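First comes the structure, then the notes that go with it.
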Amino acid sequence: MPVILRTDDRLAVTSAALGTALATCYALAGPPGQPYDEPAHWSTVLFYALRHRMPELGEPGSTYESQMGPAYYSPAGLLVEVLGVPGDRLGLYGLRLVGVLLVPLLAWLTHRLALAVHPDRGVAGFAVAAVSLSPLLLAIGGSIQNDYLAIVLATVALLQGARVLRRPESPAWRHLVVGVLIGLAVLAKVVAVSLLAALLLTYAVQRGVSLRRRAGWAAAAVAGTALSCGWWFVRNLAVYGDLTGAARMAESGYHFPPMRFSSLGEVQSWVSSLISYVFVPVEYYRNVFSTPAPLRLVAGVVTLAALGVLAAYVVRTVGAGRLGPALLDRPDRVLLVSAVVMAIAFYLAYSVLVWFIAARLAFLTASAAAILFGVASRDRAGDVVRVGVLGLYVAASVWLVLRASSVPAQPYWIFPG
């Protein structure tokens, strides 16, 4: 008997398939080393493959990415060894293509997470399409980096957390498991520590559960995180004298000045950078080419329309007194909102107070953000904006793939020429 998919499910499946195909094009078209930080990621993978241990910042063969945990580099190094001689083109392109497999996995996880927090399959279909067709996520997925794995692991943690939070009677060990999953995401990308902050915030505002019980859950989640990634922070303290190796980064000559908003021009530049990352991420390819004026114009219009849809949803929800039933009475939904807010807050705080880091690090909770926008855009105006977002995504990806494939040789390429 043939399987008949609903329209929303067809959108999810089609988007996941198209996104996987586009990510494959990114992996094959982009010159090795052109994506930001790819040479450093590749060198770190080779360190794991050749020396079978974690590198230390400052030692020969290490790069600034040696500061990160081993969750991505360990399996990546093993894969490169299996594929052949570490450091050759087969290993690099093979690793890129294996990374593309995370694209349909994230699509499936996003679908499960969406249905776990909201019954509307239209929301799930849009959320899958948004993460599957996002040019930034596809460009990341088609390169060598630890970001995409961190996003996948973060989505797993949010899915498990949403399911557990829906059960007020859930035992503490289930919350410990959520903490373990967050710790694994931290071992892929340290910014995932924002997920723990989001979970603790969710416990703090959760209704209908005693303070003592919530405190027990929080303690279990913190313990779980410590069990899975605490050893890495202890190792950093022993080796570098701080939790993340930041001091050794400075000693090794890596300096990334904090972000400043001292003038209107700097604010405008930052906002333009954010819009670029969301719709046409030329920055991920080191700005060696510029976004065409029509794409910039459409991206600006779609951004304003999306912000308008979100604002209208908030006004309607608060004005009708539905904020409690729609959000506050649902801790699983609070978790998604908290995760997005904390990811952005941690990105901004670190960029302003410590080092200026790329805005793509705020995309850790991309799945949650896509789901929340899907919920907020369930009206006629929202439907138009959804179509505009997805259409722009596809157009931008096609343009980016074509431009990336025609970049002239650069000195930082992994394989010159």
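The values are calculated or read from the model by the stated rules, or taken from the named source; none is laboratory data. It should be emphasised that the depicted structure is a prediction, and the values quoted were computed from it without experimental measurement. Methodologically, a virtual Cβ is constructed for each residue, glycine included, from the backbone with ideal geometry; neighbour enumeration extends over all protein chains shown. Surface areas here come from the heavy atoms of the whole protein model, side chains and all, with no ligands, DNA or RNA. Shrake-Rupley method; radii C 1.70, N 1.55, O 1.52, S 1.80 Å.
Check the range 268-281 and report whether any residue there is open to solvent by less than 60 Å² (accessible area, probe 1.4 Å), assigned to a loop (DSSP other than H, G, I, E, B) and of a type in the set (A, V, I, L, M, F, W, C). Checked the range 268-281: at least one residue is open to solvent by less than 60 Å² (accessible area, probe 1.4 Å), assigned to a loop (DSSP other than H, G, I, E, B) and of a type in the set (A, V, I, L, M, F, W, C). For Ser338, the stated conditions hold: it is open to solvent by less than 30 Å² (accessible area, probe 1.4 Å) and either part of a helix (DSSP H, G or I) or under 30 Å from Pro35 (Cα atoms) (or both). Based on what the data block shows, is Ala368 touching a residue at least 40 places away in the same chain (Cβ under 8 Å), buried (at least 20 other Cβ atoms within 10 Å of the Cβ) and within 27 Å of Gln160 (Cα to Cα)? Answer is yes for this residue.
Within the range 106-118, the only residue that satisfies the criterion of being of a type in the set (A, V, I, L, M, F, W, C), touching a helix residue (DSSP H, G or I) at 6+ places or on another chain (Cβ under 6 Å), touching a residue at least 12 places away in the same chain (Cβ under 8 Å) and open to solvent by 20 Å² or more (accessible area, probe 1.4 Å) is Ala116.
The residues on offer are Arg360, Arg378, and the sole one that is over 14 Å from Ser194 (Cβ atoms), charged (D, E, K, R) and under 17 Å from the mean Cα position of the chain (by Cα) is Arg360.
Could you tell me whether Ala127 is surrounded by fewer than 23 Cβ atoms within 10 Å (Cβ to Cβ) and touching a residue at least 40 places away in the same chain (Cβ under 8 Å)? Taking the combined requirement at face value, the residue does not satisfy it. Taking the range 233-253 as the range and being more than 22 Å from Val222 (Cα to Cα) and of a type in the set (Phe, Trp, Tyr) as the test, only Tyr240 passes. Taking Ala345 as the residue in question, decide whether it is surrounded by fewer than 20 Cβ atoms within 10 Å (Cβ to Cβ) and more than 22 Å from Ala162 (Cα to Cα). Considered against the rule, which asks whether it is surrounded by fewer than 20 Cβ atoms within 10 Å (Cβ to Cβ) and more than 22 Å from Ala162 (Cα to Cα), Ala345 comes out as no. Count, please, the residues in the range 282-313 that happen to be open to solvent by less than 50 Å² (accessible area, probe 1.4 Å), part of a helix (DSSP H, G or I) and hydrophobic (A, V, I, L, M, F, W, C). Final tally of qualifying residues: 8.
Scanning the range 403-416 turns up no residue that is open to solvent by less than 30 Å² (accessible area, probe 1.4 Å), under 19 Å from the mean Cα position of the chain (by Cα) and under 25 Å from Val152 (Cβ atoms).
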